[in-house]
Amino acid sequence: MAPRGRPAAIPVHITELRMSAPPKQSLPVPVNIQTAIMRVPNIPPAFYRFLYTQVGRRWQWVERLRMDDETLAAILNDKRTNVTVLYVDGAPAGFFELFQRDTESMELVHFGLFEHALGLGLGKWFLLQTLYAAWAADPTSLSVTTNNLDHPRALQLYQMFGFSPVSTREATILPLSEAELLELARRA
């Protein structure tokens, strides 16, 4: 049992996946939906936290929320980092973050949709657009990490597009405390 006010740690099963060739699939844009995908160079930490929170709240994404502005800005402003936002009917609806480790390896650091965009048939299409963006840099491999707190079909979807598991491990995630949530609200 966690002390009062402190959430209990959640055990997670982490799977690391890798793909070594671009996807061969092609998917049309879902019908009757206006979409735009825009890279956001020099993304402000507040806007990034908004995206990260909207996508990651239900999946227990907490790591970047615990970072101070300077630490987060250093990651986001690194020329090897690429944050790209999906807009649906003019409003933000998801994002992906890529990190080019070196000339040969790229990592899909974050990917997801906002809750209002779920169920519109965008998930597979947006993931495919994400993979196209990653492979445009011509790496020899692309990696992603997921866990059992992610969308129930995330692992299956990654494998459908060509990722193969390379390792697994156990870890824990400590959800945000009430004090951390209040601090985030003050920063926003």
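Please treat every number below as a calculation from the coordinates, not as lab data. Model, not experiment: these values are computed from the prediction. Quick reminder, even Gly has a Cβ in these numbers, built from the backbone with ideal geometry, and neighbours come from all protein chains shown.
Sort 54-62, 31-39 by the packing proxy (mean of other Cβ within 10 Å over each peptide's residues), most packed first. If you can, show how the numbers build up before the last one.
On the way: 54-62: 17.0, 31-39: 11.7.
With the highest mean Cβ count within 10 Å placed first, the list reads 54-62, 31-39.
For the range 167-179, what does the Karplus curve 6.51 cos²θ - 1.76 cosθ + 1.60, with θ = phi - 60°, yield as ³J(HN,Hα) per residue in whole Hz, taken in order and with x for Gly and Pro?
Running phi through 6.51 cos²θ - 1.76 cosθ + 1.60 with θ = phi - 60° gives 6, 9, 7, 9, 7, 10, 10, 9, x, 5, 7, 4, 5 Hz.
R0 = 25 Å: FRET efficiency of Arg6 with Glu115, Cβ-based, nearest 0.05? List each step's numbers first, then the result.
Working: r = 27 Å, r/R0 = 1.06.
That pair, Arg6 with Glu115, gives E of 0.40.
Please list, ordered by chain and number, the residues whose modelled amide H lies under 5 Å from the amide H of Ile43; skip anything fewer than 5 residues away on the same chain.
Here the answer is none, since no amide H 5 or more places off falls under 5 Å of that of Ile43.
Defining a contact as two alpha carbons under 8 Å apart and six or more residues distant in sequence, what relative contact order in percent does the range 10-187 show?
That works out to 38 percent.
Just to confirm a number: summing +1 for Lys and Arg and -1 for Asp and Glu over residues other than Ala171 whose beta-carbon lies under 14 angstrom from that of Ala171, what do you get?
Working: positive: Arg169; negative: Glu16, Glu63, Asp150, Glu170.
Overall, the nearby charge balance is -3.
For a paramagnetic label modelled at 7 Å from the Cα of Trp59 toward its Cβ, which residues of the range 106-124 fall within the zone defined by backbone nitrogen distances under 13 Å?
Those under the cut-off are 108-115, 118, 123-124.
What order do you get for Val83, Val166, Val88 when you list them from fewest to most C-beta neighbours inside 10 Å?
By the 10 Å Cβ count, ascending: Val166, Val88, Val83.
Applying the Karplus parametrisation 6.51 cos²θ - 1.76 cosθ + 1.60 with θ = phi - 60° to the phi angles of the range 64-70, what ³J(HN,Hα) value in whole Hz is obtained for each residue in order, glycine and proline being reported as x?
Once rounded to whole Hz, the list reads 6, 6, 7, 7, 6, 4, 5.
Out of residues 5 or more away from Ile10 or on other chains, whose amide H comes under 5 Å of its own, with H placed 1.01 Å from N in the peptide plane?
Correct list: Ile173, Leu174.
Under a 5 Å amide H to amide H cut-off, with H placed in plane at 1.01 Å, what residues pair with Gly94 once short-range neighbours are removed?
When sequence neighbours closer than 5 places are left aside, the close amide H contacts are Leu86, Phe114.
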